[in-house]
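Colleague: Please find one structure pasted underneath; my questions will follow.
What follows is calculated from the coordinates using simple rules that are stated; it is not laboratory data. Given the structure is predicted, the values throughout are model-derived calculations rather than measurements. FYI the Cβ positions are ideal-geometry reconstructions off the backbone, even for glycines, and counts take in every protein chain you see.
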Amino acid sequence: MKIYTRRGDDGTTGLLYGGRVPKTAAVIAANGAVDEAQAALGVVRAEAERGSELDGLLVALERDLYVAMAELATA
């Protein structure tokens, strides 16, 4: 499946609330790394006992990472 935005690829990506940065920018790499950490925590949480202390800790960490990702995505 192909998706067309009719804008072409100029090598940049959009930030939250506007602004653009190169796809190779450190902030984009950092956001990707945080996203991968978020995914890893999700895998761990899937194996944790629901409602356990570990589950609560993982939820708190995931929420913190969501905030970090939003901050990284803001111009």
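Colleague: Step through the residues of region 11-22 one at a time and calculate ³J(HN,Hα) from phi using the Karplus curve (6.51 cos²θ - 1.76 cosθ + 1.60, θ = phi - 60°), rounding each to whole Hz and writing x for Gly and Pro.
Modeller: x, 10, 9, x, 9, 4, 6, x, x, 9, 9, x
Colleague: In degrees, nearest 10, range 0 to 90: what is the angle between the Cα axis of helix 26-47 and the longest Cα principal axis of the chain?
Modeller: Around 30 degrees separate the two axes.
Colleague: Still on this structure, please answer the following. Starting from region 2-41, pick out the trypsin sites (Lys or Arg not before Pro) whose DSSP state is loop and whose Cβ has at most 10 other Cβ atoms within 10 Å.
Modeller: Sites meeting the loop and neighbour criteria: 2, 6, 7.
Colleague: So how tilted is helix 53-72 from the main axis of the chain? Cα-based, degrees 0 to 90, rounded to 10.
Modeller: Approximately 20 degrees, to the nearest 10.
Colleague: Can you give the calculated 222 nm mean residue ellipticity of the chain, where each DSSP H run of n ≥ 4 adds -39,500 (n - 2.57) and the sum is split over every residue, rounded to the nearest 500 deg cm²/dmol? Don't jump to the answer; show the numbers that get you there.
Modeller: Working: 2 runs with 42 residues, N = 75.
It comes out at -19500 deg cm²/dmol, rounded to the nearest 500.
Colleague: Give me the percent relative contact order of the chain, please, defined on Cα pairs under 8 angstrom at least 6 residues apart.
Modeller: Values: 49 pairs, mean separation 30.9, N = 75.
Over the chain, the number comes to 41 percent.
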